[in-house]
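What follows draws every value from the coordinates through simple rules; no lab data is involved. Given the structure is predicted, the values throughout are model-derived calculations rather than measurements. With ideal geometry, Cβ positions are generated from the backbone for all residues, glycine too; neighbour counts draw on all protein chains shown.
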Amino acid sequence: MNQIKINRNQFQAFPYHLVDPSPWPILVSFSLLSLTLGAVMYMQGFTHGGQLLSLGFTLTVFGMILWFRDIITEGTYLGHHTIQVQKGLTIGVVLFIISEVFAFLSVFWAFFHSSLSPTIEIGGVWPPQGITPLDPFAIPLLNTILLLSSGAFVTYGHHALIQGDRKGTILGTLLTIIFAIIFTALQYYEYSESSFTMSDSVYGTVFYATTGLHGLHVIIGTLFILVGFIRIINYHLTDTHHQGHEAAILYWHFVDVVWLFLFIAVYYWGGN
């Protein structure tokens, strides 16, 4: 059977890769189900909700690590990611980002629905009475500079990778990761020092829903770029074969654009 697999990969007459059976998709599916159920149980105060949440999170992380390991092996060492396969992966990433656009569209819809026509229950004004919004020209402005700078550096690193400049690639990618970590730390500090919480009227709900969802995407994007950085250090990526890292960069630019809308709408316009 192993010999048949080897011959199929060596002499197939088409550019597509027929993947071998993998246990990781079904494992990640049940892990995400456990993670979701655990989160709901934990938020509602059910017994053992926290344990189920921790278990689901742990299984999801390990499942994704093992799944990514196999994909990296296929693309880097086995040569299965042909140009045609890379085109398919790129289309998948684009469709994934489009789905993320609609996720943010839903929270922005909730924000504008509440802010453009404030109801009588919150005093008919926005922000509601008793809410002291954050200063947009303090931490939010600094975070804007950090995030836009990180986007510039990751682009610099990408172009350096295409041109074969290894030092420039490492420098640009490393600075992107550092700026992203600082951004996340400042947002955590902003949350901890805020005078309102998520339960403080609809303002607190939509504020933390929009900025928190974006913060989660920043963390995920940072992990994506970190994986690319590790692969750059280990000579996995070349000037013509770096589709995974390119997808992470595309995702990061999406995060940059969303933050600009957040800063203008939620922090600046919504806080005045």
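Key figures
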read-out	value
Span from the segment 178-223 Cα centroid across to the segment 113-131 one, whole angstrom	22
Amide H within-cut-off set for G271, under 5 Å, with H built and near neighbours excluded	none
Hz values of 3J(HN,Hα) by residue in segment 164-169 - Karplus curve (6.51, -1.76, 1.60), Gly and Pro given as x	x, 8, 5, 4, x, 5
Integer Hz, Karplus 6.51/-1.76/1.60 couplings in order for segment 170-175, x for Gly and Pro	5, 5, x, 5, 5, 5
Other-chain or far-sequence residues with amide H under 5 Å of M198's (modelled H)	none
Structure-derived mean projected area of the Cα convex hull in nm² - corresponding label in [x] 16.1; [y] 17.3; [z] 14.4	[y]
Residue-averaged [θ]222 nm for the chain, counting only DSSP H segments that reach four residues, each worth -39500 (n - 2.57)	-25000 deg cm²/dmol
FRET efficiency, 1/(1 + (r/R0)^6) with R0 35 Å, evaluated for A13 and S106 via beta carbons	0.15
Efficiency of FRET between L260 and E74 - r from beta-carbon atoms, R0 45 angstrom, step 0.05	0.80
Pair A185, Y42: separation of 7 Å Cα→Cβ label points (nm)	2.4
Relative contact order (percent, whole number), segment 1-151, Cα cutoff 8 Å, 6+ residue spacing	17
Modelled FRET efficiency - R0 51 Å, I65 with V125, Cβ distances, 0.05 increments	0.55
Net lengthening on full extension, L171/S54 (0.36 nm per residue, minus Cα-Cα)	38.6 nm
